[in-house]
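The values are calculated or read from the model by the stated rules, or taken from the named source; none is laboratory data. For clarity, every value in this text was computed on a predicted model and none was experimentally measured. Cβ: placed from backbone, ideal geometry, glycine included. Neighbour counts: every protein chain shown.
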Amino acid sequence: MKLSTKGRYAVMAMVDLASNSKGQPVALADIAERQEISLSYLEQLFAKLRKGGLVKSVRGPGGGYLLAHAVEASRISDIILAVDEPIRATRCAPGSPAGCRSNKTRCLTHDLWEELGNQIHLYLSSVTLADICNRRILGTSGMIAHAGNGAAGDTDGHADMPAQVSAAE
């Protein structure tokens, strides 16, 4: 499954807004410059984010955008859904009993991909802007060694256990 630039850029922009707002509106031009995203593309995304109730716009000198909710209440899944980015891994229409095959049956791996989409949605629903801004999301995928190779920092030869990383690091 691939997340399009629409969803990724919306999350990047919202994290930038959360990080740089300090209670004051942030101009889209500033976000566009910091994140290297086209201003016109950001304008389209923020129109959807505003319609979705995730940001508020402030007009006039010193205007820009503010988060509509506290960073602790702004979930990544809500951001992605607000910009019309579906969170699913199947080709089938969500909730449809018809499958994606030409005879309208489901493929043999349908349930696998549907559950993967559900797990992605659950994970993104559990992550807030605060989690990202406060660096509480730990990337551990590179820390799990292949069997027999030993993990980084592994001193007892047990390559089957992922390295432990504390949130304080």
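Worth a mention:
- Top-ranked residue in the stretch 52-107 [being in a loop (DSSP other than H, G, I, E, B) and of a type in the set (Ser, Thr, Tyr); ranked as modelled with the lowest pLDDT]: SER96
- The listed residues are GLY142, GLY117, and the only one of them that is part of a helix (DSSP H, G or I) and modelled with pLDDT of 80 or more turns out to be GLY117.
- Some residue of the stretch 20-30 being more than 19 Å from ALA73 (Cα to Cα), of a type in the set (Gly, Ala, Ser), at pLDDT 95 or above and not in a loop (DSSP other than H, G, I, E, B): yes
- Any hit, the stretch 34-46, residues being over 15 Å from SER125 (Cα atoms), at pLDDT 95 or above and basic (Lys, Arg): yes
- Answer residue from the stretch 25-69, given it is touching a strand residue (DSSP E or B) at 6+ places or on another chain (Cβ under 8 Å) and not hydrophobic (A, V, I, L, M, F, W, C) and is farthest from VAL83 (Cα to Cα) among those: GLY63
- Residues in the stretch 20-77 that are within 19 Å of ASN134 (Cα to Cα) and of a type in the set (S, T, N, Q): 5 in all.
- Conditions (1) under 18 Å from the mean Cα position of the chain (by Cα); (2) surrounded by 14 or more Cβ atoms within 10 Å (Cβ to Cβ); (3) at positive phi: number failed by GLY64: (1)
- Residue among SER74, SER38 that alone is touching a helix residue (DSSP H, G or I) at 6+ places or on another chain (Cβ under 9 Å), among the small types (Gly, Ala, Ser) and touching a residue at least 24 places away in the same chain (Cβ under 8 Å): SER74
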